[in-house]
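See structure below.
Each reported figure results from applying straightforward, stated rules to the coordinates on display, with no laboratory input. None of these values were measured; they are calculated from a predicted model. Every residue, glycine as well, gets a Cβ built from its backbone with ideal geometry; the counts of neighbours run over all protein chains shown.
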Amino acid sequence: MSRNLVEIIRQHHELGAPTALAVLKDAMEDHGEITDEDRRHAAQRSGLPEAAVHGVSTFYDDLLAPRGARHVRVCTGTACFAATADAHVTALQDALACALGERREDGSVSLAETVCLGFCHSSPAVRDGDVIDAGPGVVARVLEETTRCAPEPTPISILDVPALLAGSPDWTGLVRAVTTLQPEQLLEEVKAAEVRGRGGAGFPAGAKWEFARKAAGERKFIVANGDEGDPGSYIDKVLMERHPNLLIEGMALAGYAVGADHGFVLTRSEYPLSKPLLETAVAGARDAGVLGASVLGSDFAFDITIIEGAGSYVVGEETALLACLQGLRGTVSARPPFPAQRGLHGMPTVVNNVETLCNIPVVARMGADRYHALSPASPTSGSKLVCFNERFARPGVYEVRFGTGMRELCEDVAGGLVGGRTIKALQIGGPLGGILPGWKIDTPFDFDELAAEGCMVGHGGIVAFDETTDMRALATHLLHFGAAESCGKCFPCRIGLRRAHEMFSRDTPVDRPKLEALLETLELGSLCAHGGGMPAPIRSLLAHFPEELGLAA
Amino acid sequence: MRSMLIEIDGVRAQVAPGTTVLEAVRALGGDVPTLCFDERQDPFGACRVCMVGVAGAPGPVAACTTPCRDGMHVDTHDPTARRIAAATVELVLSELPEAPAAHTELAIVARTFDLDVSGDVRWPGEQHAGEHDERHPYLALHHELCISCGRCVRACDEVQGTFALTATGRGFGANIAAGLDEGFRASTCVSCGACADTCPTDAITEISLLAMTER
């Protein structure tokens, strides 16, 4: 990330200037496309050089596809693929007479691809203006202009005593912390609780906090990573939209422990309700004295700002997320420097996933020992939210224990597949997670056990593919996503994912040795987990379903 | 802070804290090929061509962005690191519609990996479309030769402080633009030539007086 641009942004931020990205997003909302006039205006308002603004305007999905009077976005996430094999995408393109990413000449309708809307429980999903409709008949309703907001399932805890989903919090954890604990004591408690990051990497939250606490900086920040871009996952969506106070409490606790006075939440534009619902909750918390110059009457000050992204999967990576928050192109930066040393506006910054931060009030409320005991059969502490796709009989978000068997989760919790279909394979934890074949369903849901199968806990999304899924089509689907979402910074990912997608999308056999050499280059050469992780599901398919991949003899 | 003891290809050396592996290798007279690195700029870590082996690390690391640690053992000939770097250069050659000129850094780096710049590649596929911007009197931009190494953008930002250039697009479509993509002339470019000087592929070149008279 350019130090000069970050400094320009910091100075303008202190004067109350908006980011270039925010100005460009407004222009898109206002007139459906970005003109050079808009770019000049964004440069003037934000202080960013015109060229840099141009770079931003060519990076984010939301700024690229021109919008018609009616803007239709079709979800091409993995759950929607598992439901229809992309038949809904083809049907919409044909019926609307509009290709993906295009606008009809008369400006009446535009169609764009979006990944993913977080309605994996009732795929396929389509966003029509600001209405997200999903489930059987959605394509017909788009054509008849009768779309309606699809219902969303209520999250359920299967713990004897719910922890994360304990209901509306009374700020007990924060009260305990600011009245009885020194910041160092809270940090020690979180370290003792061994809270592992819930966003995919599993990094210990306490260690991250300690780096930031010890780092020198005139200010420090807490950033909640709400860019839950993993197709098939809608866990953070549920937390941000239904349990926003839990996130607010977790961020305030993090701020208290680290010595930060401000927090930011980066929400996804694919979840249009997240930002307004969080802003309402933040305003409520200010009124209740939970946020502001004196948190719960103490001398600790903390407040929160909500910022919405603009469509980019890689922005879920922490350095790209910080670039996006500052209105820059959402590309990855090499670490070090780590955000804990040099993050937002060049200051020490903790970036934690939304669910990770939502675990902190639970730790503060019940203490490290009881937090550990939430998953008694596992070395991993705390509970985990998982979610299931539409192929299951009871899709939704569930609070479960680590170490629970995948079979128990799929059959007892989610009710098995609809219509007596069988589980051909499961993708767990997002697009960078391996694929578990149906015959390995007795694997426990936990970090080490899934890693042994080339899979991961990841974000906790569980997408089932039934016997109708063609595995070569799945590989092509995943690599299309991987190539389209590559930020373009490091060479192996920028070119390699494109080449891997090309190998599968041609009607010719795939040369296995060449494919494996390419996958190795991605795994070992890429700068971040996107290029490094996209080979994992392809490796699984090579291991478990080679006969379906159309490999050369 | 006290200096650190490291070992590179069996040779021990004392380095100051904050020294990168690439700096240490070069200080010892060794070399690791690079494409996105320019010693006048902050390391970028994009090209992944400077990969080296480090004892105990799970895989090769980029020498340009990896700080030396006390007791570190670096192997610049690590076969895995060399294989990944060579494959990455091969990928770069596959995206260009024409072979890079022999004098360019890209062609020189390709030769160090024994790659034939105009030969077959293992992963053929879409190439950059030709697009020439020659509206500026002294600077020519051939977009199809751009490999998104970021050196021109950083030269303009970190060396010249002009901010006339930007990275554009994303993924395979990544490229560069001057100003609002209206060419160097309409941008804030001051014609310093730092971008052309650092470009490793001749995507940006200075149009010399000699070339003008030849036209």
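Figures for the structure shown
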| read-out | value |
| --- | --- |
| The range A:472-487 versus the range A:303-336: alpha-carbon centroid distance in Å | 22 Å |
| Summed side-chain charge close to residue A:109 - residues other than residue A:109 whose Cβ falls under 9 Å, Lys, Arg +1, Asp, Glu -1 | +2 |
| About the Cα centre, charge dipole magnitude for chain B (Lys/Arg +1, Asp/Glu -1 at Cβ), debye | 600 debye |
| For residue B:73, net neighbour charge (Lys/Arg +1, Asp/Glu -1) across residues whose Cβ lies under 15 Å away | -3 |
| Simple spin-label estimate for residue A:84 and residue B:70 in nanometres, 7 Å along Cα-Cβ | 6.1 nm |
| In range of the label at residue A:203: residues from the range A:245-286 whose backbone nitrogen is under 20 Å from the point 7 Å along Cα→Cβ | A:250-267 |
| For the range A:514-551 and the range A:342-368, distance of Cα centres in Å | 32 Å |
| Beta bridges per DSSP with both ends in chain A, % antiparallel, nearest 5 | 50 percent |
| Contour minus Cα-Cα distance for residue A:159 and residue A:214 (0.36 nm per residue) | 16.2 nm |
| Estimated [θ] at 222 nm from DSSP helical runs (n ≥ 4, -39500 (n - 2.57)) normalised by residues in chain B, nearest 500 | -6000 deg cm²/dmol |
| Residues in the range A:332-354 that a label on residue B:159 would reach, taking backbone N under 12 Å of a point 7 Å out along Cα→Cβ | none |
| Around residue A:261: net Lys/Arg minus Asp/Glu count, Cβ-Cβ under 10 Å | +1 |
| Gain in span if fully extended, residue A:335 to residue A:11, counting 0.36 nm per residue against the direct Cα distance | 114.2 nm |
| Zone residues, the range A:230-265, relative to residue A:301, backbone N less than 20 Å from point 7 Å out along Cα-to-Cβ | A:249, A:251-265 |
| Fewest-first sequence of A:489, A:440, A:237, A:220 by Cβ atoms within 10 Å of each Cβ | A:440, A:220, A:237, A:489 |
| Relative exposure of A:57, B:94, judged by other C-beta atoms within 10 Å (fewest first) | B:94, A:57 |
| Tensor-based shape of the protein assembly as shown (alpha-carbon gyration tensor, a/c under 1.5 rounded, otherwise prolate or oblate) | rounded |
| Neighbouring partner chain Cβ atoms per residue of A:331-342, average, 10 Å criterion | 2 |
| Cβ charges +1 (Lys, Arg) and -1 (Asp, Glu), total dipole of the range B:9-56, debye | 100 debye |
| Residues residue B:80 and residue A:472, FRET efficiency given R0 of 25 Å [Cβ-Cβ distance, rounded to 0.05] | 0.30 |
| Exercise: per-residue mean of other protein chain Cβ atoms within 10 Å, B:90-96 | 4 |
| Ascending count of other beta-carbon atoms within 10 Å, so fewest first, for A:386, A:72 | A:72, A:386 |
| Rounded FRET efficiency, nearest 0.05, which uses the C-beta distance separating residue B:116 from residue A:508 and R0 of 30 Å | 0.80 |
